[in-house]
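**Q** After the structure tokens below, expect a handful of questions from me.
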Amino acid sequence: MKRLNLLLISILLIVQNQFAQNNKYSLADFKSLDGILGTWKMETRRGPMFEQWTRTNSEKFQGKSFRLNNQDTLVMERIELSFSGGSIVYRPIVTGQNDGKAVEFKLISNTDSHFVFENKEHDYPQRIIYHFKSKDTLNARVEGTKDGKEMGSNFPYVRVR
């Protein structure tokens with residue numbers, strides 16, 4: 001019995017270690033997000049909406065989404081995208097939500113053109129997805145469960161700078 005327990009514990013530790021290694025990202029993985037840098041525009045019924053990204057340093061980008069209202073810039077969201085300790089994290093601060101605090105979404109899967117960030121504990125959304133359809137076309141998507149229903153919204157952007 002002791003041998004069986006020891007074997008099961010060993011198998012669980014191996015699987016857990018393999019899972020942890022598979023979820024480690026490198027600075028090269030973070031660099032694959034460079035395509036987001038610049039200014040993106042989406043047309044809406046209420047007028048154009050923008051998402052703008054700049055590099056703070058080799059491990060951090062700053063972003064914001066905003067609308068223009070005559071001469072005023074109305075910031076709706078500020079975002080930090082960073083690499084640290086093998087994780088790539090997307091931290092939005094949405095105006096009027098979460099008491100002005102950032103919500104953390106970790107990168108859970110990526111390809112050269114598709115990045116999925118997730119926080120299963122967040123009320124809504126639980127996933128934020130960036131899909132680069134081309135160098136100058138980006139679809140951002142939020143999705144998850146709200147009030148027991150699966151929901152999602154797409155944000156089709158084109159690069160303006």
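The values are calculated or read from the model by the stated rules, or taken from the named source; none is laboratory data. Values in this document were obtained by computation on a predicted structure and should not be read as measured data. For neighbour counting, all protein chains shown are included, and Cβ atoms are generated from backbone atoms with ideal geometry for every residue, glycine included.
**Q** Any idea which residue in the range 81-95 is nearest to the chain's Cα centre (by Cα), counting only those that are free of Cβ contacts under 8 Å to residues at least 40 places away in the same chain and exposed (fewer than 15 other Cβ atoms within 10 Å of the Cβ)?
**A** Looking at residues that are free of Cβ contacts under 8 Å to residues at least 40 places away in the same chain and exposed (fewer than 15 other Cβ atoms within 10 Å of the Cβ), I get Ser84.
**Q** Which residue is farthest from Met49 (Cα to Cα), if the candidates are limited to the range 109-155 and must be in contact (Cβ under 8 Å) with a residue 40 or more places away in the chain and surrounded by 15 or more Cβ atoms within 10 Å (Cβ to Cβ)?
**A** Asn110
**Q** Kindly indicate which of Phe66, Phe83 is of a type in the set (A, V, I, L, M, F, W, C) and closer than 26 Å to Tyr25 by Cα.
**A** Unique residue meeting the criteria: Phe83.
**Q** Give the range 57-72 a look and list any residue that's without any contact (Cβ under 8 Å) to a residue 24 or more places away in the chain and farther than 16 Å from Val94 by Cβ, or say none.
**A** Once the filter is applied, which keeps residues that are without any contact (Cβ under 8 Å) to a residue 24 or more places away in the chain and farther than 16 Å from Val94 by Cβ, the range 57-72 yields Asn57, Lys60, Leu68, Asn69, Asn70, Gln71, Asp72.
**Q** Given the conditions (1) surrounded by fewer than 14 Cβ atoms within 10 Å (Cβ to Cβ); (2) at pLDDT 95 or above; (3) not basic (Lys, Arg), and given that Asn98 satisfies all but one, which numbered condition is not satisfied?
**A** Just one mismatch for Asn98, condition (2).
**Q** One residue is enough: does the range 65-80 have a residue meeting the conditions surrounded by 15 or more Cβ atoms within 10 Å (Cβ to Cβ) and not in a strand (DSSP E or B)?
**A** No, the range 65-80 contains no residue that is surrounded by 15 or more Cβ atoms within 10 Å (Cβ to Cβ) and not in a strand (DSSP E or B).
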